[in-house]
Structures are given as structure tokens and as C-alpha cells.
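Here's the structure we're looking at; comments come further down.
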Amino acid sequence: MATMDANPGPKLLQQAEKILLHPIHPQLISYCPTMDLIALVTDEENLDVYRINGQRAFGLKRKSEDAVVEALKWQWNGAGLAVAWSDGCVDVLGVETGKVVHGNVKLPPPREGNQSAVSCIGWGLNFIDAERVESRTGKVQVSKGSTKKNTLHLSSPTTEDWDALKDDIDLEDFLQRQPDFASLDVAPELPDQLAMMDTESLLPKLPVIPLPPANPMMRFTRQPVGSGAFSSQPEVDGLLHSQHLRDHNSVDMFLRFTEEGSVHPSIYDSMEAVDVRLPRAWNLQSKVVMHASHPYACTHSLLMETKSPTNTLKKIAWVPLTLGFIPSAGIYLHLIAAKTAQLQNLLSYLSHTLNRIHTYFKQAQDLPDKFMMNISETLEEHKEGNLVQNLYHLACTGHCPPLIHEWLVDELAEQGHKRWDNAVTSGLAIVIQLLHENFLPALDRCSIIISRLKGLAEFHDRDWIFSGPLTDFTALLDVLKTMKLLANTTLLYAADEARYFTSFSKWLRYSIDFEATEPGSQSRTELESQPAGVDIGIVLEYIQYGLSKSDVQPYLASAKEIPGEATDYDDTRKAIERLRGGDKSKAEALCLEKVLLQFGGGVRNLLKQVSQWQENNTSMDSGVVLGEGNIGVPLDMRMVSEPSTNAISTYIALSTDPTPSPSITIHRHTHDPRISSLTSSLRASSPTALKAESHDILDAKFADDATLLLLLQCTDAAKTCSIVSLAYTSAANEALSTQADRIVAYSPVPSNTMKSTMLPGGHALSSSAHHTIELTAEMVSKHTRHVFEGRFTPLRLVVNGRKGKRVVVVLGSDKKHYRVLDLDFTDKRGGEEGEGKSSDEDSDVEMGGAA
């Protein structure tokens, strides 16, 4: 039955609606840019990610009773989700698996004071050669300061330029979850393609690392954090064989901002970050509250709250963060960033693999040790030698001492032998598998990466990315050579031990069955006529040398139990030869874990060189004060590429105090894509105040590069709420057919006046300097996109989505109820927008998160 709408008016298509069990934090709700997923944090500090149909896809439980979520950010392509905790750590979840990809990622040690929490996260893509992408999207540079759109002239005598118009490619095609690089056609030139060839793609993919054994004896053993890492093939592929390595013209920037004002940019998925702050001479306390970036600009925009220790007046300022290292290294930046991140992930893969080898080897030793310990104590009490002597005697003569007979028949028996055999056989089999299929192939990949980075460092200046000597790379290759020697030796000994144990296990089972029969019985007679079926020489050798102490043990010893440092290749080779000859050798020269720790230290030193180069080419030494005193609440910030000029405009929407109020202020700063000096790179600043007649502005969001959404509430008794859409950029206004629709306009402030707003001592412009625009009731009515019925009171807007499927999530005032409205849907039958169910087109991939 149809119901009467109490507030008739325009309606957007409602795709979904959900009422949650627990309230959520209004500032911690976000919509995925490429998939229909909504991430939110409840008041219980649990992260939940829901599909658009309301089904929970995956989530993350609260870390501890004291931990709270401070920030939430989707990766620019929707492939990852970052969660910042109050303890200063960040967890990154892979969306396709729903599992933590990078867990407990910590910031670098602070220069002074204690570690502070991450208050804001930024995650965006930056093109290295932006002009190539601009030309591919139809924006071609004509001359300095002017651009034009590709246009087909049929009278042109040649067809050389026709390929540029064969399809309609725009910037969002580059920002898809899985961009089609073949159709985007932005491959580098042939010399660069040869330099970027990835030989690792020809190698077999690294397999998953088996989960720890479910052994009752290890029930109370504390498993290490991340014991399930690399346990699924999608997770391994995402970290070690990622598709983003194919895009040679971009870098994935991941930025963390702390409560103390420090900025930590890093190239994802390398978590080695740098520490950037405002100039110390300014003596300002700062905190980043919002971040924005644009793929065409290596300068990111930060919205900061600042305060001087001598003045309690709070200011809010726009501060540009220039990542000068992005254009300076050219196409090699992507190669170095991808390979160093891959090297870091391979190091983690090697560490987890070796940890799992230790676990399974310990499992193969623990149960036999338990069985042998009991009989050894009994033999010692009766002074009848040790277990090795008695079993050797049994194997040579066939005579079984009474205590050994009792142990074989009553204590060990058939069931105990099965457990012994299964523990050793399965444990050694997995140790061999991990060494052969996981550990050694990962070492080969590390060698390829380090050799490639060494070649880049060798043929560039010394003050380039790698500031250390070439001997750093040579030393790492030598460490890898040593590690390969130890791993191969361990593999050989483990294979021999498995072969020898198989013969011993058959003989032991034969002995148990033989001793369990009565002397003179038919069963014993039959067993006497049937040999054990094993080489007794192998059994004797295993009893003498392998039963009490494994030959694999020296190589898999714990590094914590062995003092000293790892040795070089020659010393390790000599130590192996001495051990093989029965002589005593240095334990630190044989410990595989010690060599891996040495390799990890060398890799971290290499990453620090890259981080230091990034820090030296990063600047954050200017800013413009936008407001001071009662500054209100920052609503949104967006960077837009201006089609009419080779520039970037940063738009900032600020509410006025008290909130809500009938007005907001939009600051537009037009500047160069790379800001070297704000006084020379800032082209124009234009503050505009929007005042709505008879309405309060609850929220405002930039939906895209053309549309500004306002969430309004009427001040009359009905308190009707609505969403109003306005064009806010120059290009969007020019596309409108009538002058009356061009509501949002800007009036630049003289450059001399802007100098007085510069940090550190600048002050905000007075409200009289703002260009004021009155939104009349007629304007509001004409540009209203959606009117809410009285039973739903909106509180906050969240805008995101992809080309052709952009949505706005509206959170209700009860913080438990949200709706998803489609901004791009149009009813083709009548051109009107209406309510209904969304289609199944462009559906998401199926994810395997925990329900």
C-alpha cells in the first residue's frame, strides 16, 4: 500500500538503508571509492565493513580495553583499509581477503618526547609524469598557462592524431581498482620499458606458509603475533606479486599524521616512513585535521590547527606539503619504491617461514623427547646404561633387556609408535617443504632485487637515492649467499634424517610387535621368519647419531640462545665442514636465524637511505591562516585540476561557529602543481561565504570536481532537511546553460593582502573581505536533489564512489541509522530521479572475511 509522503519533493534513488545495533562515531564512517562497501566504527571501538545490502563483509575487533580508533581511511583504489589506533599503531586490511595485511605498523621513533597517536591518515596516488596522463585524458598542453581539449578536425590532411580520440578516457579510469593499462595506453618508451622489465614475473609464485600445527602439546604455547600471515594465496599475491607494480608512472603515497603535528609520508606498501614537521623556528603547536591530494600534483594539501605557546588563540591554516622526490627521480622512483617495498615484504615472508620451520621442527622433536626421557630416567636409576646403548644392543643382537621390553610393550606400544612416527614424519616433511618451496625461492628473489637496485645505484650519482657505498649491496648479496648455503645444508640434513628415521621407525614397529608376542608362540615364530625389511646399518647409524641429537638442530637453533654475531661465507663454510667431520664449530656460524637477522639489518639500512632521501626532498614550510578563534568545524577539502590553466585549485569548506549555522566559508587557493615557495606558487586566493536563507547548514561535501552538496535543515517548525547540489568550480559553472544557475563565484584577494595571512605570524582575513553569496529560498528549492521525510533526521554526509556510480551515505542523528543514496541515477523513462532497488551491474568481488 502506498503511503503519503509528509515532505513531497525531489528524491534520489535509495540504494540501501540499515539500522545498526550500536551507535557509531560520526567521524569514523567511510564509503569505499571503488566497491559498494561501508566501513564504520561503533562506540565499542570495533571496525565493521558492510556490503551495500547490509551484510557484514569483514571487520576488526578492538585491540585492547584501552585502545580506541582514531582514524579510518580507504586506499585510493579501494584495495586496502587503514585503521589508526590510539596506541600509535596502524593496521592495514586487505579488502579482498578481509585480513590484516600490515599489522601494528608503528611510526619511526620521535625526535623528542614520547610516541603520539595517529590522528589523521591520507592515502592517494601521485603520477610521476603527470603530463603524459593529462594528454591521455584529452587535456593537452598548448602553451604555458593554457590548455585545450582534443578535437577532431575532419579536414585535417593526416590521421596521426586520431588515435587520441578513439575512446573516452578520463582520470577516474586510472584510479580504478584494477585499471586496464593496455587500453589506457600509457606505456613508457622502449628504453624505459627495457629498464623496467621485471624478470621476477617469469618465476613461479611463492606459495602460502602453512599454519602452525594444531598439536595438543602446544596448546598452552603462546603463538607469535601474525602467526597466520601469508596463509592464503591472495594475501601472498597481494604483497609479493601485486598488480600495482605494472603501473610504472605512479606512486602510492600513504601518510600518517600525529597529535603532535608530525607528518610521516611513505610509499606504500613500504612502511618505512620519514618525519616532517613545521619549521622549529616557528615555535607552533600543530595538528593535522584533514588531508587532500591530486594525482597531477606532488604537493598535498593539509588542514592544520595551530597554536602558539604564548597565545592560546587557536588558528586553522592551509599548509602545503610538497613531496619533491616524486618528480625528481623520474620513472625510476616507481621501480625503486616497488622493489624496496617488495624486499621488505620478502624479509617478512622469510621471517615467517623460518619461524614456521622452527615450529614444525620443534614438533618433530618434542614428542620423541618425551618418550625417550621417561625410559632414560628409568635406565639411569637402574644403572643399565642409556637408551642409545640399549637400542643399539637390541638392533645388533636381537636380545631385548627387560626394561626396554617393558618400555616397548607397555609404555610405547603401537599407539605411541604411531604418534612418534606421525610427529617426526609430518614435521620433517613440512620442514623440507618450507625450505625447498618457500625459503630458498624467496632468497633467490631477494638476490634479484638487490642486484637490480645495485645496478641503479652504480650508474647514478652518489647523492642520488642510495647515499651509501656500493659495498652495502655487495655485503647483502654475500649475506644471501651465506643464507643459501645454510638453507641448502639444512635441507640436505633434513632429507637424510627423514630417510634414516623411516628405516628406524619400521624397525621400531617390528621390535614392538616382536616383544609383544609370547616366547614360543606361533606369532613370534612367524615374526622370526619375517625380517624387519630395513637396512640394519641405517638403523644402527640413526640410533648412534640421530636419535639423541638431530643433525638439523645446529642450523635451526634460536638466535637468542647463541651469543656473538653471524660470520661471513668462508667462515660458515669451514664451520659446516668441521661439524661434518665431527669437530666442534662456532654455533653462531651455523645459526640460520642469526644470518637472517643480519640480512634484515642490512635491508633496513637500505630502506633508511631511501627514507632519508625522501625526507631531504620533502618540504612543509609555508601556510595560509584561514580562521582563528572560534573557527568552527572543517567540513571538507578537495584538490581540483583546473582545465583552463596548468594549475591546481584547493577548495576548503569550513563551518562557522556556532555549529550548525546558516553559513559556511569556501576557500579556494589556486597554485602550481608543485609549490616550491608559497609566495611565488600561489596564484590566487578567494574566500567565499555561502549563507542560506531560513536554513541551517548541517554539513557540506565536495561530491566530485564539479558539485558541492549541502545538507540543509529548515529553521521553521517542520525542521525539514534536504540535500542541495551546487556547482562550485569555474569549469562546472561554464558548463551550465544559464547565468542564474552559476551561484558560487569567487573574488580573488589582492596578493599584498594575502601576505598578512601567511604563517607563522599571519592572521585570518576578516569576514568583510569574504565574497558573500545569499542562497534564497528559490535557489534552495531549485537546486534541491533530495528531501528527507520527518522520521529521518540526517546528521552527516559521506560522499564517494566511482565513475557512473557515485553515492552519498547519510548518517542519521541517532548515529545508528544510515541511508545510501545514488547521485548518478536517472530514471530514463522520464528523466526524473526516484526510489527503487539498485541493479546488480558492476557488482563487487566476493570476499572471504569473517562474518
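Read-outs throughout are calculated quantities, based only on the coordinates presented, and are distinct from any laboratory measurement. What you see is a predicted model, and the numbers here were worked out from it, not measured in a lab. Backbone-built Cβ (ideal geometry, glycine too); neighbour counts: all protein chains shown.
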Exposure proxy ranking, count of Cβ atoms within 10 Å, fewest first, for Asp91, Asp252, Asp369 | Asp369, Asp91, Asp252
For the chain, what are the per-bin percents of Cα-Cα distances with bins 10 Å wide, up to the bin holding the maximum?
-> 2, 11, 18, 20, 16, 11, 8, 6, 4, 2, 1, 0
Plugging the Kirkwood radius over Cα pairs into Stokes-Einstein for region 714-799, at a temperature of 20 °C and a viscosity of 1.002 mPa s, what D comes out in µm²/s?
-> 131 µm²/s
Add +1 for every Lys or Arg and -1 for every Asp or Glu among the other residues with Cβ under 13 Å from the Cβ of His695, and state the total.
-> -4
Region 50-95: trypsin sites (Lys or Arg not before Pro) falling in loop per DSSP and having at most 16 other Cβ within 10 Å | Lys61, Arg62
The long-range amide H neighbours of Lys73, using H built 1.01 Å from N in the peptide plane and a cut-off of under 5 Å, are Ala82
Candidate span helices, the chain: DSSP H, at least 18 Å along axis from Cα coords, Kyte-Doolittle average at least 0.5, result 440-458
Which residues' amide hydrogens lie under 5 Å from the amide hydrogen of His695, considering only partners 5 or more residues apart or on another chain, with H built in the peptide plane?
-> Thr715
Karplus couplings for region 312-329 from phi (6.51 cos²θ - 1.76 cosθ + 1.60, θ = phi - 60°), rounded to Hz, Gly and Pro as x?
-> 7, 5, 7, 10, 10, 9, 8, 10, x, 10, 9, 9, x, 6, 5, x, 6, 8
Any idea what Rg and Dmax come out to for region 528-605 if you just take the C-alpha atoms, in Å?
-> 17.7, 67
Under a straight-distance cross-link criterion of Cα-Cα below 26 Å, which lysines are reachable from Lys574, leaving out those fewer than 8 residues away in the same chain?
-> Lys481, Lys484, Lys549, Lys560, Lys584, Lys586, Lys594
With the dipole of the chain defined by +1 on each Lys or Arg Cβ and -1 on each Asp or Glu Cβ, the option from Leu476, Gly564, Ser663 whose Cα lies farthest towards the positive pole is Ser663
The whole-number value in µm²/s of the Stokes-Einstein translational diffusion coefficient for region 664-816, with Rh from the Kirkwood sum over alpha carbon pairs at 10 °C and 1.306 mPa s, is 91 µm²/s
Karplus-derived HN-Hα couplings along region 12-25 (A = 6.51, B = -1.76, C = 1.60, θ = phi - 60°), whole Hz, x at Gly and Pro | 7, 5, 8, 7, 7, 8, 8, 10, 8, 6, 10, x, 10, 7
Listed residue (Thr258, Gly94, Gly632) projecting farthest to the positive dipole end of the chain, Cβ model | Gly632
With point charges of +1 on the Cβ of Lys and Arg and -1 on the Cβ of Asp and Glu, referenced to the Cα centre of the chain, which listed residue (Ser64, Ser505, Asn752) lies farthest in the positive direction of the dipole?
-> Asn752
Relative contact order (percent, whole number), the chain, Cα cutoff 8 Å, 6+ residue spacing = 16 percent
More than 21 Å apart - percent of Cα-Cα pairs taken over region 440-549 = 62 percent
What's the percent breakdown of Cα-Cα distances in region 338-418 across 10 Å bins, shortest bin first?
-> 15, 32, 19, 13, 11, 8, 2
Neighbourhood net charge (14 Å Cβ-Cβ; Lys/Arg +1, Asp/Glu -1) for Met758 | 0
Qualifying trypsin sites (Lys or Arg not before Pro) for region 724-805 [loop in DSSP, other Cβ within 10 Å: at most 15] = Arg791, Lys803
Net charge (Lys, Arg +1; Asp, Glu -1) of residues whose beta-carbon lies under 14 Å from that of Ala395, Ala395 excluded, is -1
Between Glu561 and Ser135, the FRET efficiency computed from the C-beta separation at R0 = 41 Å comes out, to the nearest 0.05, as 0.10
The chain: calculated mean residue ellipticity at 222 nm from DSSP helix runs of at least 4, using -39500 (n - 2.57) | -9500 deg cm²/dmol
What is the distance in Å between the Cα centres of region 546-584 and region 589-666?
-> 48 Å
Calculated Rg and Dmax of region 685-725 using C-alpha coordinates, Å | 11.6, 39
Expressed as a whole number of Å, what is the distance separating the alpha-carbon centroids of region 389-459 and region 38-60?
-> 44 Å
Each label sits 7 Å from Cα toward the beta-carbon; between Glu528 and Lys18 the label points are separated, in nm, by 7.7 nm
